[in-house]
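> Below is the structure I would like to discuss, written out as C-alpha coordinates.
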Amino acid sequence: MARATAEATAAGLAGLVVAPGPDLVYLCGYSPTATTERLTALVLTAGREPALVVPRLERPDAEKAVGAPAVRLLDWSDGADPYATVGPLLDPAGRYGVSDNTWALHLLGFQAALPGATFTSFTDSLPMLRAVKDTEELDRLAAAGGAADAAYRRILEARFAGRRESDVAADLGALLIQYGHSQVDFTVVGSGPNGADPHHEAGDRVIRTGDTVVLDFGGLKDGYGSDTTRTVHVGPDVPDEVRKVHGLVRLAQQTAFAAVRPGIACQEIDRIARRVITEGGYGEYFVHRTGHGIGTTTHEPPYLVEGEERPLVPGMCFSIEPGIYLPGRFGVRIEDIVTVTEAGGRRFNNTPHELGIVA
(Lines give C-alpha, C1' and ligand atoms only; values in the text may rest on other atoms or scores of the structure.)
Protein backbone atom coordinates (compact mmCIF):
# COMPACT_ATOMS: atom_id res chain seq x y z
CA MET A 1 0.00 0.00 0.00
CA ALA A 2 2.86 2.37 0.76
CA ARG A 3 4.47 1.65 -2.61
CA ALA A 4 1.15 2.10 -4.44
CA THR A 5 0.61 5.44 -2.70
CA ALA A 6 4.10 6.59 -3.63
CA GLU A 7 3.59 5.55 -7.26
CA ALA A 8 0.28 7.41 -7.31
CA THR A 9 1.97 10.56 -6.05
CA ALA A 10 4.72 10.21 -8.66
CA ALA A 11 2.01 9.89 -11.33
CA GLY A 12 0.45 13.18 -10.24
CA LEU A 13 -2.51 11.64 -8.43
CA ALA A 14 -3.96 12.70 -5.10
CA GLY A 15 -4.51 9.05 -4.26
CA LEU A 16 -6.17 5.78 -5.17
CA VAL A 17 -9.66 4.39 -4.70
CA VAL A 18 -9.69 0.60 -4.93
CA ALA A 19 -12.86 -1.47 -5.38
CA PRO A 20 -13.25 -5.22 -4.71
CA GLY A 21 -11.27 -7.30 -7.16
CA PRO A 22 -7.67 -8.32 -7.79
CA ASP A 23 -6.23 -4.91 -6.89
CA LEU A 24 -7.93 -4.93 -3.49
CA VAL A 25 -6.71 -8.46 -2.78
CA TYR A 26 -3.20 -7.52 -3.91
CA LEU A 27 -3.02 -4.37 -1.80
CA CYS A 28 -4.64 -5.41 1.48
CA GLY A 29 -5.62 -9.05 1.16
CA TYR A 30 -9.36 -8.46 1.41
CA SER A 31 -11.93 -10.10 -0.84
CA PRO A 32 -15.57 -9.64 0.18
CA THR A 33 -17.45 -12.93 0.44
CA ALA A 34 -19.97 -11.53 -2.03
CA THR A 35 -19.51 -8.59 -4.38
CA THR A 36 -22.74 -6.61 -4.22
CA GLU A 37 -24.04 -3.13 -4.92
CA ARG A 38 -22.96 -2.11 -1.41
CA LEU A 39 -19.90 0.12 -1.60
CA THR A 40 -16.52 -1.27 -0.51
CA ALA A 41 -13.42 0.82 -1.17
CA LEU A 42 -9.81 1.09 -0.06
CA VAL A 43 -8.62 4.72 -0.07
CA LEU A 44 -4.90 5.41 -0.29
CA THR A 45 -3.61 8.99 0.00
CA ALA A 46 -0.17 10.35 0.81
CA GLY A 47 0.34 11.32 4.44
CA ARG A 48 -2.73 9.44 5.67
CA GLU A 49 -3.32 6.00 7.06
CA PRO A 50 -4.92 3.69 4.49
CA ALA A 51 -8.67 3.50 4.99
CA LEU A 52 -10.95 0.60 4.09
CA VAL A 53 -14.64 1.47 3.86
CA VAL A 54 -17.03 -1.50 4.09
CA PRO A 55 -20.74 -2.14 4.71
CA ARG A 56 -21.31 -2.65 8.43
CA LEU A 57 -22.65 -6.17 7.96
CA GLU A 58 -19.37 -7.14 6.26
CA ARG A 59 -17.06 -5.57 8.82
CA PRO A 60 -16.39 -8.87 10.67
CA ASP A 61 -15.07 -10.41 7.43
CA ALA A 62 -12.96 -7.34 6.67
CA GLU A 63 -11.39 -7.50 10.11
CA LYS A 64 -10.05 -10.96 9.25
CA ALA A 65 -8.20 -9.78 6.13
CA VAL A 66 -4.43 -10.12 6.08
CA GLY A 67 -4.01 -6.38 5.67
CA ALA A 68 -6.63 -5.32 8.21
CA PRO A 69 -4.08 -4.34 10.92
CA ALA A 70 -2.54 -1.86 8.46
CA VAL A 71 -5.74 0.01 7.61
CA ARG A 72 -8.24 2.25 9.32
CA LEU A 73 -11.50 0.34 9.03
CA LEU A 74 -14.65 2.43 8.50
CA ASP A 75 -18.16 1.13 7.99
CA TRP A 76 -21.52 2.41 6.88
CA SER A 77 -25.06 1.11 7.48
CA ASP A 78 -27.85 0.31 5.07
CA GLY A 79 -29.94 3.43 4.59
CA ALA A 80 -26.93 5.73 5.00
CA ASP A 81 -25.02 7.45 2.19
CA PRO A 82 -21.78 5.49 1.72
CA TYR A 83 -20.24 8.33 -0.28
CA ALA A 84 -20.58 10.55 2.79
CA THR A 85 -18.18 8.14 4.50
CA VAL A 86 -15.69 8.14 1.63
CA GLY A 87 -15.97 11.86 0.83
CA PRO A 88 -13.99 13.18 3.83
CA LEU A 89 -11.12 10.89 2.88
CA LEU A 90 -10.69 12.56 -0.50
CA ASP A 91 -9.54 15.99 -1.69
CA PRO A 92 -12.62 17.65 -3.22
CA ALA A 93 -10.47 18.91 -6.09
CA GLY A 94 -8.08 15.95 -6.35
CA ARG A 95 -7.39 13.60 -9.22
CA TYR A 96 -7.71 9.96 -8.22
CA GLY A 97 -6.88 6.62 -9.77
CA VAL A 98 -9.68 4.06 -9.54
CA SER A 99 -9.30 0.33 -10.04
CA ASP A 100 -10.47 -0.82 -13.45
CA ASN A 101 -13.31 -2.99 -12.16
CA THR A 102 -14.96 -0.23 -10.11
CA TRP A 103 -18.70 -0.37 -10.74
CA ALA A 104 -20.04 2.53 -12.79
CA LEU A 105 -22.66 2.92 -10.02
CA HIS A 106 -19.94 3.78 -7.50
CA LEU A 107 -17.83 5.92 -9.79
CA LEU A 108 -20.92 8.00 -10.55
CA GLY A 109 -21.53 8.21 -6.80
CA PHE A 110 -18.00 9.56 -6.22
CA GLN A 111 -18.45 12.09 -9.00
CA ALA A 112 -21.76 13.29 -7.59
CA ALA A 113 -20.36 13.60 -4.06
CA LEU A 114 -17.16 15.33 -5.24
CA PRO A 115 -18.01 17.28 -8.41
CA GLY A 116 -14.63 19.03 -8.33
CA ALA A 117 -12.63 15.80 -8.28
CA THR A 118 -11.54 13.81 -11.33
CA PHE A 119 -10.98 10.11 -11.74
CA THR A 120 -8.83 7.98 -14.04
CA SER A 121 -8.45 4.21 -14.40
CA PHE A 122 -5.45 2.29 -13.10
CA THR A 123 -4.76 1.11 -16.66
CA ASP A 124 -4.25 4.73 -17.73
CA SER A 125 -2.57 6.02 -14.59
CA LEU A 126 -0.69 3.09 -13.00
CA PRO A 127 -0.60 0.26 -15.53
CA MET A 128 2.50 -1.30 -13.97
CA LEU A 129 1.24 -1.31 -10.37
CA ARG A 130 1.19 -5.12 -10.16
CA ALA A 131 3.50 -5.87 -13.08
CA VAL A 132 6.82 -6.38 -11.27
CA LYS A 133 6.66 -9.41 -8.98
CA ASP A 134 8.63 -9.99 -5.79
CA THR A 135 10.24 -13.29 -4.85
CA GLU A 136 7.15 -14.74 -3.18
CA GLU A 137 4.99 -13.86 -6.16
CA LEU A 138 7.50 -15.43 -8.55
CA ASP A 139 7.48 -18.60 -6.47
CA ARG A 140 3.68 -18.77 -6.62
CA LEU A 141 3.63 -18.21 -10.36
CA ALA A 142 6.27 -20.91 -10.82
CA ALA A 143 4.19 -23.32 -8.73
CA ALA A 144 1.08 -22.53 -10.74
CA GLY A 145 2.98 -23.10 -13.97
CA GLY A 146 4.32 -26.40 -12.67
CA ALA A 147 0.81 -27.54 -11.77
CA ALA A 148 -0.45 -26.67 -15.26
CA ASP A 149 2.47 -28.60 -16.74
CA ALA A 150 1.50 -31.64 -14.67
CA ALA A 151 -2.05 -31.38 -16.00
CA TYR A 152 -0.78 -31.29 -19.59
CA ARG A 153 1.40 -34.35 -19.12
CA ARG A 154 -1.58 -36.25 -17.78
CA ILE A 155 -3.98 -35.15 -20.52
CA LEU A 156 -1.64 -36.64 -23.11
CA GLU A 157 -2.59 -40.03 -21.65
CA ALA A 158 -6.31 -39.43 -22.20
CA ARG A 159 -8.30 -40.58 -25.22
CA PHE A 160 -9.33 -37.78 -27.58
CA ALA A 161 -10.86 -39.51 -30.60
CA GLY A 162 -14.59 -40.12 -30.27
CA ARG A 163 -15.01 -37.76 -27.31
CA ARG A 164 -16.45 -34.25 -27.25
CA GLU A 165 -14.26 -31.21 -26.78
CA SER A 166 -16.18 -30.51 -23.57
CA ASP A 167 -15.21 -33.94 -22.21
CA VAL A 168 -11.49 -33.22 -22.66
CA ALA A 169 -12.01 -29.74 -21.22
CA ALA A 170 -13.63 -31.27 -18.13
CA ASP A 171 -10.63 -33.58 -17.76
CA LEU A 172 -8.27 -30.60 -17.94
CA GLY A 173 -10.25 -28.69 -15.33
CA ALA A 174 -10.27 -31.66 -12.98
CA LEU A 175 -6.52 -32.09 -13.41
CA LEU A 176 -5.85 -28.45 -12.59
CA ILE A 177 -7.83 -28.87 -9.36
CA GLN A 178 -6.05 -32.15 -8.62
CA TYR A 179 -2.70 -30.39 -8.91
CA GLY A 180 -3.57 -27.61 -6.52
CA HIS A 181 -5.57 -24.98 -8.38
CA SER A 182 -8.38 -23.40 -6.41
CA GLN A 183 -9.99 -21.93 -9.51
CA VAL A 184 -10.17 -22.95 -13.17
CA ASP A 185 -10.49 -19.90 -15.42
CA PHE A 186 -10.55 -21.50 -18.87
CA THR A 187 -10.05 -24.81 -20.67
CA VAL A 188 -9.92 -24.15 -24.40
CA VAL A 189 -10.11 -27.33 -26.48
CA GLY A 190 -10.23 -26.32 -30.15
CA SER A 191 -10.33 -29.38 -32.40
CA GLY A 192 -10.00 -29.37 -36.18
CA PRO A 193 -11.56 -26.20 -37.63
CA ASN A 194 -12.42 -24.96 -34.12
CA GLY A 195 -8.70 -24.60 -33.45
CA ALA A 196 -8.68 -21.69 -35.88
CA ASP A 197 -10.67 -19.67 -33.30
CA PRO A 198 -8.11 -18.48 -30.71
CA HIS A 199 -10.73 -18.19 -27.94
CA HIS A 200 -12.93 -21.12 -28.92
CA GLU A 201 -14.99 -22.45 -26.04
CA ALA A 202 -15.03 -26.23 -25.82
CA GLY A 203 -18.28 -27.50 -27.24
CA ASP A 204 -20.07 -30.64 -28.43
CA ARG A 205 -17.91 -31.27 -31.48
CA VAL A 206 -16.69 -34.85 -31.42
CA ILE A 207 -12.92 -35.02 -31.85
CA ARG A 208 -11.80 -37.22 -34.72
CA THR A 209 -8.64 -39.08 -35.64
CA GLY A 210 -6.66 -36.71 -37.85
CA ASP A 211 -7.67 -33.57 -35.95
CA THR A 212 -5.17 -31.01 -34.74
CA VAL A 213 -6.25 -29.78 -31.29
CA VAL A 214 -5.29 -26.57 -29.47
CA LEU A 215 -5.25 -26.94 -25.66
CA ASP A 216 -5.16 -23.64 -23.73
CA PHE A 217 -5.91 -23.81 -20.01
CA GLY A 218 -5.22 -22.15 -16.69
CA GLY A 219 -6.55 -20.73 -13.46
CA LEU A 220 -5.44 -19.68 -10.01
CA LYS A 221 -3.24 -21.55 -7.54
CA ASP A 222 -2.56 -19.89 -4.19
CA GLY A 223 -3.89 -16.65 -5.65
CA TYR A 224 -1.64 -16.55 -8.74
CA GLY A 225 -2.34 -17.55 -12.30
CA SER A 226 -1.35 -20.27 -14.72
CA ASP A 227 -1.84 -20.15 -18.48
CA THR A 228 -0.27 -22.49 -20.99
CA THR A 229 -1.04 -23.71 -24.51
CA ARG A 230 0.15 -26.76 -26.38
CA THR A 231 -1.07 -28.21 -29.66
CA VAL A 232 -1.59 -31.93 -30.20
CA HIS A 233 -2.58 -34.16 -33.09
CA VAL A 234 -4.97 -37.10 -32.86
CA GLY A 235 -3.24 -40.10 -34.38
CA PRO A 236 0.29 -40.57 -35.73
CA ASP A 237 -0.38 -39.53 -39.33
CA VAL A 238 0.36 -35.80 -39.25
CA PRO A 239 -0.21 -33.82 -42.48
CA ASP A 240 2.82 -32.00 -43.84
CA GLU A 241 1.22 -28.56 -43.49
CA VAL A 242 0.37 -29.19 -39.83
CA ARG A 243 4.03 -30.08 -39.22
CA LYS A 244 5.15 -26.99 -41.15
CA VAL A 245 2.82 -24.61 -39.31
CA HIS A 246 3.62 -26.11 -35.92
CA GLY A 247 7.35 -25.85 -36.61
CA LEU A 248 6.98 -22.21 -37.58
CA VAL A 249 5.01 -21.35 -34.43
CA ARG A 250 7.55 -23.22 -32.34
CA LEU A 251 10.40 -21.25 -33.92
CA ALA A 252 8.55 -17.95 -33.37
CA GLN A 253 7.91 -18.79 -29.73
CA GLN A 254 11.52 -19.78 -29.08
CA THR A 255 12.95 -16.78 -30.96
CA ALA A 256 10.76 -14.39 -28.97
CA PHE A 257 11.72 -16.07 -25.70
CA ALA A 258 15.41 -15.84 -26.54
CA ALA A 259 15.03 -12.08 -27.01
CA VAL A 260 13.66 -11.48 -23.50
CA ARG A 261 16.01 -9.31 -21.47
CA PRO A 262 15.84 -6.18 -19.32
CA GLY A 263 15.47 -3.01 -21.35
CA ILE A 264 13.93 -4.41 -24.52
CA ALA A 265 10.53 -2.88 -25.35
CA CYS A 266 7.40 -5.01 -24.97
CA GLN A 267 6.47 -4.35 -28.59
CA GLU A 268 9.83 -5.68 -29.78
CA ILE A 269 9.03 -9.17 -28.45
CA ASP A 270 5.80 -9.04 -30.47
CA ARG A 271 7.67 -7.87 -33.56
CA ILE A 272 10.22 -10.66 -33.28
CA ALA A 273 7.60 -13.40 -33.05
CA ARG A 274 5.52 -11.83 -35.81
CA ARG A 275 8.53 -11.47 -38.11
CA VAL A 276 9.25 -15.21 -37.97
CA ILE A 277 5.67 -16.10 -38.87
CA THR A 278 5.44 -13.43 -41.57
CA GLU A 279 8.66 -14.56 -43.20
CA GLY A 280 7.29 -18.08 -43.12
CA GLY A 281 4.32 -16.97 -45.22
CA TYR A 282 1.59 -17.01 -42.57
CA GLY A 283 1.66 -13.46 -41.20
CA GLU A 284 -2.00 -12.73 -41.93
CA TYR A 285 -3.00 -15.73 -39.83
CA PHE A 286 -1.31 -14.52 -36.62
CA VAL A 287 -4.26 -12.46 -35.41
CA HIS A 288 -3.52 -11.52 -31.79
CA ARG A 289 -0.81 -9.97 -29.64
CA THR A 290 2.16 -12.11 -28.65
CA GLY A 291 1.51 -11.96 -24.92
CA HIS A 292 -0.10 -10.57 -21.80
CA GLY A 293 0.98 -10.11 -18.21
CA ILE A 294 -0.10 -12.52 -15.49
CA GLY A 295 -0.25 -12.39 -11.71
CA THR A 296 -3.31 -12.32 -9.47
CA THR A 297 -5.29 -12.32 -12.71
CA THR A 298 -4.51 -14.24 -15.89
CA HIS A 299 -4.61 -11.11 -18.07
CA GLU A 300 -2.97 -7.89 -16.85
CA PRO A 301 -0.17 -5.51 -17.92
CA PRO A 302 2.34 -5.63 -19.46
CA TYR A 303 1.06 -6.51 -22.93
CA LEU A 304 3.43 -7.64 -25.67
CA VAL A 305 1.82 -5.77 -28.52
CA GLU A 306 2.71 -3.18 -31.14
CA GLY A 307 2.63 0.29 -29.61
CA GLU A 308 3.66 -0.77 -26.10
CA GLU A 309 7.07 0.87 -25.79
CA ARG A 310 7.52 0.17 -22.09
CA PRO A 311 10.80 -1.69 -21.44
CA LEU A 312 10.94 -5.07 -19.74
CA VAL A 313 12.37 -5.07 -16.22
CA PRO A 314 13.31 -7.99 -13.95
CA GLY A 315 10.28 -9.42 -12.20
CA MET A 316 7.78 -8.79 -15.00
CA CYS A 317 5.83 -11.94 -15.91
CA PHE A 318 3.93 -12.54 -19.13
CA SER A 319 2.93 -15.08 -21.72
CA ILE A 320 4.68 -15.63 -25.03
CA GLU A 321 2.07 -17.27 -27.26
CA PRO A 322 2.33 -16.84 -31.02
CA GLY A 323 -0.16 -18.74 -33.13
CA ILE A 324 -1.34 -19.43 -36.65
CA TYR A 325 -5.04 -19.92 -37.40
CA LEU A 326 -6.21 -21.23 -40.77
CA PRO A 327 -10.00 -20.65 -41.01
CA GLY A 328 -12.03 -23.77 -41.54
CA ARG A 329 -8.99 -26.01 -41.17
CA PHE A 330 -6.91 -25.94 -37.98
CA GLY A 331 -4.92 -23.76 -35.61
CA VAL A 332 -1.62 -23.97 -33.74
CA ARG A 333 -0.51 -22.06 -30.63
CA ILE A 334 2.34 -22.59 -28.17
CA GLU A 335 2.36 -20.61 -24.92
CA ASP A 336 4.65 -20.36 -21.92
CA ILE A 337 4.60 -17.99 -18.98
CA VAL A 338 7.96 -16.21 -18.77
CA THR A 339 9.58 -13.91 -16.25
CA VAL A 340 12.36 -11.41 -16.88
CA THR A 341 15.61 -11.96 -15.00
CA GLU A 342 18.80 -9.95 -14.93
CA ALA A 343 20.28 -12.44 -17.40
CA GLY A 344 17.32 -12.81 -19.77
CA GLY A 345 14.18 -14.89 -19.46
CA ARG A 346 12.99 -17.83 -17.37
CA ARG A 347 10.09 -20.10 -18.30
CA PHE A 348 7.45 -21.17 -15.80
CA ASN A 349 6.17 -23.79 -18.25
CA ASN A 350 8.56 -26.54 -19.21
CA THR A 351 6.59 -29.23 -21.02
CA PRO A 352 7.85 -30.23 -24.49
CA HIS A 353 7.05 -27.82 -27.31
CA GLU A 354 6.84 -30.47 -30.00
CA LEU A 355 3.50 -31.49 -31.47
CA GLY A 356 1.95 -33.93 -29.00
CA ILE A 357 0.50 -37.14 -30.40
CA VAL A 358 -2.66 -38.43 -28.69
CA ALA A 359 -5.00 -41.32 -29.28
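> Going by Cα centres, the stretch 66-138 and the stretch 222-284 are how many Å apart?
Cα centres, the stretch 66-138 to the stretch 222-284: 39 Å.
> Continuing with the same structure: Can you tell me the convex hull volume per residue for the stretch 207-261, based on C-alpha atoms, in Å³ to the nearest whole number? Before the final figure, lay out each step's value.
On the way: hull volume 5.2 nm³, N = 55.
Output value, Cα hull per residue: 94 Å³.
> Report the relative contact order of the chain, percent, no decimals, based on alpha-carbon pairs under 8 angstrom and at least 6 residues apart. Please report the intermediate quantities before stating the final value.
Details: 809 pairs, mean separation 55.1, N = 359.
Over the chain, the number comes to 15 percent.
> Then there is this: Set the Förster distance to 56 Å, then compute FRET efficiency between Ala2 and Asp240 from the Cβ-Cβ distance, nearest 0.05.
On the way: r = 58 Å, r/R0 = 1.04.
Using R0 = 56 Å, I get an efficiency of 0.45.
> In 10 Å bins starting at 0, how do the alpha-carbon pair distances of the stretch 132-202 split up by percent?
Per 10 Å bin, starting at 0, the Cα pair percentages come out as 19, 43, 28, 9, 1.
> Another question, if that's okay. Once you have the Kirkwood Rh of the stretch 1-45 from its Cα pairs, apply Stokes-Einstein at 4 °C and 1.567 mPa s and quote D in µm²/s. Working shown, then result.
On the way: Rh = 11.1 Å.
Using the Kirkwood radius from Cα pairs, D works out to 117 µm²/s.
> Report for the chain the percent antiparallel among DSSP-assigned beta bridges with both residues inside it, nearest 5. List each step's numbers first, then the result.
On the way: 42 of 57 bridges.
Percentage antiparallel, nearest 5: 75.
> Net charge around Val53, counting only other residues with Cβ within less than 11 Å of its Cβ (Lys, Arg = +1; Asp, Glu = -1)?
Numbers: positive: Arg38, Arg56, Arg59, Arg72; negative: Glu58, Asp75.
Once all neighbours under 11 Å are counted, the net charge is +2.
> Treating only the Cβ of Lys, Arg, Asp and Glu as charged (+1, +1, -1, -1), what charge dipole size does the stretch 288-359 show about its Cα centre? Round to the nearest 20 debye. Working shown, then result.
Working: 6 positive and 9 negative charges, 38 e Å.
Result for the stretch 288-359 is approximately 180 debye, rounded to the nearest 20.
> Carbon and sulfur together cover what percent of the accessible area of the stretch 178-222 at a 1.4 Å probe radius? Walk me through the intermediate numbers first.
Values: 850 of 1960 Å².
After summing per-atom areas, the C and S share lands at 43 percent.
> Hey, another quick one. Beta carbons within 10 angstrom, averaged per residue: use that to sort the peptides 58-67, 247-256, 91-100, highest first.
Details: 58-67: 14.8, 247-256: 21.1, 91-100: 17.4.
Per-residue Cβ counts within 10 Å, averaged per peptide and sorted highest first, yield 247-256, 91-100, 58-67.
> With each run of n ≥ 4 DSSP H residues scored as -39500 (n - 2.57), what mean residue ellipticity at 222 nm is computed for the chain after dividing by its residue count and rounding to the nearest 500 deg cm²/dmol?
Details: 10 runs with 108 residues, N = 359.
After summing the helix terms and dividing by residue count, I get -9000 deg cm²/dmol.
> Per residue, how many Å² of accessible area does the stretch 224-331 show with a 1.4 Å probe? Can you show the working numbers first?
Values: 4010 Å² over 108 residues.
That works out to 37 Å² for each residue.
> Here is a further query. What accessible area per residue, rounded to a whole number of Å², is obtained for the stretch 131-200 using a probe radius of 1.4 Å? Walk me through the numbers on the way to the answer.
Working: 2970 Å² over 70 residues.
Accessible surface, normalised per residue, equals 42 Å².
> Could you tell me what percent of the accessible area of the stretch 112-152 is made up of carbon and sulfur, with a 1.4 Å probe and every protein chain present? Write out the running numbers ahead of the final one.
On the way: 850 of 1580 Å².
The C+S portion of the solvent-accessible surface of the stretch 112-152 is 54 percent.
> Between beta-carbons, use under 11 Å as the cut-off and find the net charge around Phe122, counting Lys and Arg +1, Asp and Glu -1.
Charge balance in the 11 Å sphere: -4.
> Please state the Cα pair-distance histogram of the chain with 20 angstrom bins from zero: what percent is in each bin?
The distribution over the chain is 28, 49, 22, 1, given as percents.
The values are calculated or read from the model by the stated rules, or taken from the named source; none is laboratory data. Remember, it's a predicted structure, so these values are computed and weren't measured experimentally. Every residue, glycine among them, receives a Cβ derived from its backbone with ideal geometry; neighbour counts consider all protein chains shown. Accessible surface is based on the protein model in full, side chains and every heavy atom, while ligands, DNA and RNA are left aside. Shrake-Rupley method; radii C 1.70, N 1.55, O 1.52, S 1.80 Å.
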